[in-house]
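The values are calculated or read from the model by the stated rules, or taken from the named source; none is laboratory data. All values reported here derive from a predicted model rather than from experimental measurement. For neighbour counting, all protein chains shown are included, and Cβ atoms are generated from backbone atoms with ideal geometry for every residue, glycine included.
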């Protein structure tokens with residue numbers, strides 16, 4: 001197996017061409033090689049790898065990655081190298097979602113390891129402190145222990161400015177979005193409107209797709225004032241189906257969308273359940 005390398009220049013040229021043609025950019029998460037292969041075959045521009053997707057592949061919710069049950073960076077690096085990269089033909093680039101607040105690793109070395117396996121893109125969502133409500137006790141405890149958004153900003157700056165990688169920033173709030181884009185100037189910014197609803201482990205916050213689009217657009221407009229050239233994508237909350245994603249495209253000024261559970265966990269749950277139900281209802285004819 002020889003993994004095809006895709007340079008930063010090639011990645012950015014392809015994305016810019018899609019933006020110029022007014023074609024939606026599709027970023028999708030994959031927790032297994034099979035899902036990654038199918039996503040690439042269907043035309044996804046980017047395959048994201050991160051510990052939340054890997055845990056989803058095991059039937060757990062994305063947010064289980066927030067609990068200290070694993071070395072998030074090590075899991076992401078290992079399954080990206082062993083499961084994802086060998087499954088792809090090179091038409092989609094891979095973005096590794098990393099934990100920039102890992103106290104045991106030099107992020108320059110982590111990014112180096114990504115580049116060695118052919119991954120020329122990195123994001124800060126593996127996990128991010130932006131997941132945590134700022135009015136909570138746990139947020140205060142985490143930040144006092146040195147787990148901060150600034151570490152994520154610094155990693156994205158390192159990836160873009162020194163490591164020549166495509167940087168993909170992500171945040172859950174307007175405040176964090178502005179700070180991240182101002183500080184890191186990522187090539188791509190994704191506003192995360194919340195955990196995707198639906199299925200066995202989704203979470204329904206009560207937001208409608210109209211709410212999701214309106215909240216996302218408000219952040220897009222604010223972010224664009226800082227960096228008019230940043231590529232903008234939306235993700236999460238009520239964006240569960242292709243129809244929901246179409247609503248986002250029609251009602252925001254972004255350049256595309258990021259799918260996670262909606263093209264991974266939910267389709268697997270539905271397809272396997274339907275097939276298994278069909279088999280388990282079989283009876284002997286005699």
Only helices (runs of 4 or more DSSP H) wholly contained in the stretch 1-116 count here; list those with 3 or more residues that are under 22 Å from residue 180 (Cα atoms).
8-20, 107-116
Quick check on the stretch 99-121. Is at least one of its residues on the phi > 0 side of the Ramachandran plot and in contact (Cβ under 8 Å) with a residue 60 or more places away in the chain?
yes
Taking the options 98, 38, name whichever one is surrounded by 13 or more Cβ atoms within 10 Å (Cβ to Cβ), modelled with pLDDT of 95 or more and in contact with a strand residue (DSSP E or B) (Cβ under 9 Å, 6 or more places away or on another chain).
98
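For every residue, the table says whether it meets (1) closer than 23 Å to residue 22 by Cα; (2) in contact with a strand residue (DSSP E or B) (Cβ under 6 Å, 6 or more places away or on another chain); (3) at pLDDT 90 or above; (4) surrounded by 23 or more Cβ atoms within 10 Å (Cβ to Cβ).
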position: 236; (1), (2), (3), (4): yes, yes, no, yes
position: 243; (1), (2), (3), (4): yes, no, yes, no
position: 256; (1), (2), (3), (4): yes, yes, yes, yes
position: 271; (1), (2), (3), (4): no, no, yes, no
position: 277; (1), (2), (3), (4): no, no, yes, no
Quick one: would you say residue 169 is closer than 22 Å to residue 99 by Cβ and either at pLDDT 90 or above or surrounded by fewer than 22 Cβ atoms within 10 Å (Cβ to Cβ) (or both)?
yes
Qualifying helices (runs of 4 or more DSSP H) (wholly inside the stretch 167-286; at least 2 residues being in contact with a helix residue (DSSP H, G or I) (Cβ under 6 Å, 6 or more places away or on another chain))
174-184, 209-226, 242-251
Residues in the stretch 177-202 that are at pLDDT 95 or above and either touching a strand residue (DSSP E or B) at 6+ places or on another chain (Cβ under 6 Å) or buried (at least 24 other Cβ atoms within 10 Å of the Cβ) (or both) total 10
Check the stretch 6-14 and report whether any residue there is in contact with a helix residue (DSSP H, G or I) (Cβ under 7 Å, 6 or more places away or on another chain) and surrounded by 20 or more Cβ atoms within 10 Å (Cβ to Cβ).
no
